[in-house]
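The values are calculated or read from the model by the stated rules, or taken from the named source; none is laboratory data. Computed from a prediction, not measured in an experiment: that's the story for all the values here. Cβ placement follows ideal geometry from the backbone for every residue including glycine, while neighbour counts extend to all protein chains displayed.
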Amino acid sequence: MQRPLRAHVGDEFHLSERPEESGVCKALGIRYGEFGDGKATIHCSVTVEHVNKGGVAHGALFTTMLDTALGGALVSTLRIETWCATAQLSVSFLEAGQVGDELTAHGRVVRRGKGVAHLAGEVVDQKGTVLASATGTWAIFAAKPDKFPDRD
């Protein structure tokens, strides 16, 4: 992995802090774990509200967890004024998640340039079984694009 770009002011580095969970994450019960140095973990306990018609965790839960973990990993390397957005995310569903499973999504920066980053990650259950994996590409912006709305 490449060394993160850092905003250096005096003797301090000003990297982005762990973001607050989005409204989607809050609604799904997804919460941040570790965050920093090009890595992020996300946690969620599977409940009956997360299952599909087949009675197992919906793929959208895994996808949201992976998008959040991979994006969080990248954000941990960005200067405070820098922004990013998911450009592409490919998810492979390997095993079904069950009600009661404790899920963790791990995201990591694979390679990062000035304007694009490649990330990878997986969702594992409490036994360490990989349930889903993902790779993705993120666009990096020097500042918040005007088309992104302000959030309070």
Answer yes or no: is there a residue in the range 30-40 that is β-branched (Val, Ile, Thr), surrounded by fewer than 15 Cβ atoms within 10 Å (Cβ to Cβ), out of contact with any Gly (no Cβ under 6 Å at 6 or more places or on another chain) and within 17 Å of Leu89 (Cβ to Cβ). no
Specify which of the listed residues (Leu103, Leu66, Leu70) is in contact (Cβ under 8 Å) with a residue 40 or more places away in the chain and part of a strand (DSSP E or B). Leu103
Matching residues in the range 11-43 - criterion: being in contact (Cβ under 8 Å) with a residue 24 or more places away in the chain, basic (Lys, Arg) and in a strand (DSSP E or B): Lys39
Among the residues of the range 44-54, is any part of a loop (DSSP other than H, G, I, E, B) and on the phi > 0 side of the Ramachandran plot? no
Enumeration of residues in the range 58-90 that are in contact with a helix residue (DSSP H, G or I) (Cβ under 7 Å, 6 or more places away or on another chain) and either loosely packed, with under 13 Cβ neighbours inside 10 Å or farther than 30 Å from Asp146 by Cβ (or both): His58, Leu61
For the range 119-134, indicate whether the set of residues that are under 19 Å from Gly36 (Cβ atoms) and out of contact with any His (no Cβ under 7 Å at 6 or more places or on another chain) is non-empty. yes
Return only the number of the condition from (1) closer than 26 Å to Gly29 by Cβ; (2) without any contact (Cβ under 8 Å) to a residue 40 or more places away in the chain; (3) part of a strand (DSSP E or B) that His118 does not satisfy. (1)
Evaluate the range 45-57: report whether one residue or more is of a type in the set (Ser, Thr, Tyr), modelled with pLDDT of 95 or more, farther than 14 Å from Glu102 by Cα and surrounded by 14 or more Cβ atoms within 10 Å (Cβ to Cβ). no
For Gly55, only one of the following conditions fails: (1) touching a Gly at 6+ places or on another chain (Cβ under 6 Å); (2) small (Gly, Ala, Ser); (3) farther than 22 Å from Arg31 by Cβ. What is its number? (1)
Those residues of the range 103-138 which are of a type in the set (D, E, K, R) and either loosely packed, with under 13 Cβ neighbours inside 10 Å or closer than 18 Å to Ser76 by Cβ (or both), in sequence order: Arg108, Arg111, Arg112, Lys114, Glu122, Lys127
If we keep just the residues of the range 75-100 that are within 20 Å of Cys44 (Cβ to Cβ), of a type outside the set (Ser, Thr, Tyr) and not in a strand (DSSP E or B), which is modelled with the lowest pLDDT? Val75
